[in-house]
Amino acid sequence: MDLPPSLAVAPNIPLRAQTREQLIAERDYWQASIDAANSWGAAVSVADEFLRACNRELERRFPS
């Protein structure tokens, strides 16, 4: 699973500054992380929070 550019150490772009495409790539990354998990634990819970944050930002800025 490739790390999207928005999550790279530099520049590590905050959600509010990401483009729609960057938000989608980050959302897909977190979803793949959750899907690949063997069990639910703290790391998966945090990934789920990041996934929800991406979805909220997408919905806020780019409503369907």
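The values are calculated or read from the model by the stated rules, or taken from the named source; none is laboratory data. Not measured: the values here are computed from a predicted model. Here the Cβ positions follow ideal geometry from the backbone for every residue, glycine too, while neighbour counts run over all protein chains shown.
Only one of the listed residues (27, 56) is modelled with pLDDT of 95 or more and within 10 Å of the chain's Cα centre (by Cα). That residue is 27. Out of everything in segment 43-64 that is in contact (Cβ under 8 Å) with a residue 24 or more places away in the chain and either outside any helix (DSSP H, G or I) or of a type outside the set (Lys, Arg) (or both), what residue ends up being surrounded by the fewest Cβ atoms within 10 Å (Cβ to Cβ)? Looking at residues that are in contact (Cβ under 8 Å) with a residue 24 or more places away in the chain and either outside any helix (DSSP H, G or I) or of a type outside the set (Lys, Arg) (or both), I get 62.
Please determine, by comparing only the residues of segment 7-30 that are assigned to a helix (DSSP H, G or I) and among the aliphatic types (A, V, I, L, M), which one is surrounded by the fewest Cβ atoms within 10 Å (Cβ to Cβ). Looking at residues that are assigned to a helix (DSSP H, G or I) and among the aliphatic types (A, V, I, L, M), I get 17. Name the single residue that is nearest to the chain's Cα centre (by Cα) among those in segment 31-42 being in a helix (DSSP H, G or I), surrounded by 12 or more Cβ atoms within 10 Å (Cβ to Cβ) and free of Cβ contacts under 8 Å to residues at least 24 places away in the same chain. Result: 31.
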